[in-house]
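Taking it in order: structure first as C-alpha cells, then the write-up.
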Amino acid sequence: MFVLILVIILLFTLVGILAYRKLGSNRKQEQEQVVQENYDLRNIDIEDIDKMIDGSEFEMYLYRLLLELGYSGVYKTVGSRDFGADVIFTDREGVRNVVQAKRYAIDKPVGISAVQEVYSCMRYYKAKKAIVIATTLYTDSCETLAGINHVKLLDRHDLINIIEAYKQEDNLKAQNIIESEPRVILESWNQLNNALPVIKKDHKAEKYVKSIQSK
C-alpha cells in the first residue's frame, strides 16, 4: 500500500514538472514572437526575410512597411478566410490595392494560383488594383496570366530595391516601384483582332464523348 502511494506521488510530481516546463516553453515562444514583431524595420534586409518562420511574418513586415512608407487605408487581413488578400492599402492616387504576400525559397518560383487568388478577391475588397509581392521569382504561366489581367508582380529584385530605398529614406522611390504599372500583355479584347487564342484540347475527353454519342 505504501509503495502504491509513493508511486502515485511520484507520478503527480512528474506530471507537474512536465506541465511547468511546457508552460515556460510557451511563455518563451510568446516573448520571442513579441520581440520578432517589435524589430526595427530599417534593420531588416532580404536575408532576414528569408529566415522568417512562415509567411505570416512576411505579411506583418509588408503591413508595417506600407505604413512606414506613408500609405493610407493600410490594414492586414485575418490569417484565414482572407479571400486571397494579405494586406490592403490605398495608393497616392486614392486607389485601393490588394496585396498577396509570398515568402518562398529562392529556388521555388511563385505559380499561377497567386494571380488567380489576388485578382479574384479585388471585387470583394472593392479594390481596383492587385499586387503580388514575392521573395522569389514567378513561373512563365504566372507572368502571362498576370500580364493579361493587369496584376502587378513584384519579385525578389523589386523587393530588394524597395527595402534599400526605404533604408535610404527615399520613400518616393519605394512608392514608385510599388505603384509602377504592371507588365501588360493584352490591353483589351479588341487586340485579339477577332482571333481566339489557341486552346490545348483534351483529346481523350473528346474521343470519350464521341464514343458515347455514337452509341
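Descriptive notes on the structure:
- The single condition from (1) surrounded by fewer than 17 Cβ atoms within 10 Å (Cβ to Cβ); (2) part of a helix (DSSP H, G or I) that Glu169 fails is (2).
- For the stretch 62-90, the set of residues classified as part of a helix (DSSP H, G or I) and either of a type in the set (Ser, Thr, Tyr) or touching a strand residue (DSSP E or B) at 6+ places or on another chain (Cβ under 7 Å) (or both) consists of Leu62, Tyr63, Leu66, Leu67, listed by residue number.
- Residues that are out of contact with any Phe, Trp or Tyr (no Cβ under 8 Å at 6 or more places or on another chain), crowded, with 18+ Cβ neighbours inside 10 Å and either within 16 Å of Asp107 (Cβ to Cβ) or charged (D, E, K, R) (or both) within the stretch 136-155 comprise Tyr138, Cys142, Glu143, Lys152, listed in sequence order.
- Candidates Leu153, Leu196, Leu172, Leu192, filtered to the one that is at pLDDT 95 or above and either more than 30 Å from Asp50 (Cα to Cα) or under 22 Å from the mean Cα position of the chain (by Cα) (or both): Leu153
- Any hit, the stretch 93-103, residues being assigned to a loop (DSSP other than H, G, I, E, B), under 15 Å from Lys128 (Cβ atoms) and of a type in the set (A, V, I, L, M): yes
- Test: Tyr138 is modelled with pLDDT under 95 and among the aromatic types (Phe, Trp, Tyr): no
- Which numbered condition Val98 fails, given (1) more than 21 Å from Asn176 (Cβ to Cβ); (2) of a type in the set (A, V, I, L, M, F, W, C); (3) within 14 Å of the chain's Cα centre (by Cα): (1)
- Per this entry, Ile177 is not counted among residues that are in the same structural domain as Tyr63 (by TED's automatic domain parsing), crowded, with 18+ Cβ neighbours inside 10 Å, modelled with pLDDT of 95 or more and β-branched (Val, Ile, Thr).
- Options Tyr104, Tyr124; residue that is surrounded by fewer than 20 Cβ atoms within 10 Å (Cβ to Cβ), among the hydroxyl-bearing types (Ser, Thr, Tyr) and touching a residue at least 40 places away in the same chain (Cβ under 8 Å): Tyr124
- Single residue of Arg123, Arg96 found to be in contact with a Gly (Cβ under 9 Å, 6 or more places away or on another chain) and over 21 Å from Lys173 (Cβ atoms): Arg96
- Scanning the stretch 37-61 for residues that are of a type outside the set (S, T, N, Q) and either assigned to a loop (DSSP other than H, G, I, E, B) or at positive phi (or both) yields a total of 8.
The values are calculated or read from the model by the stated rules, or taken from the named source; none is laboratory data. Quick caveat, the model's predicted, so the values are computed rather than measured. FYI the Cβ positions are ideal-geometry reconstructions off the backbone, even for glycines, and counts take in every protein chain you see.
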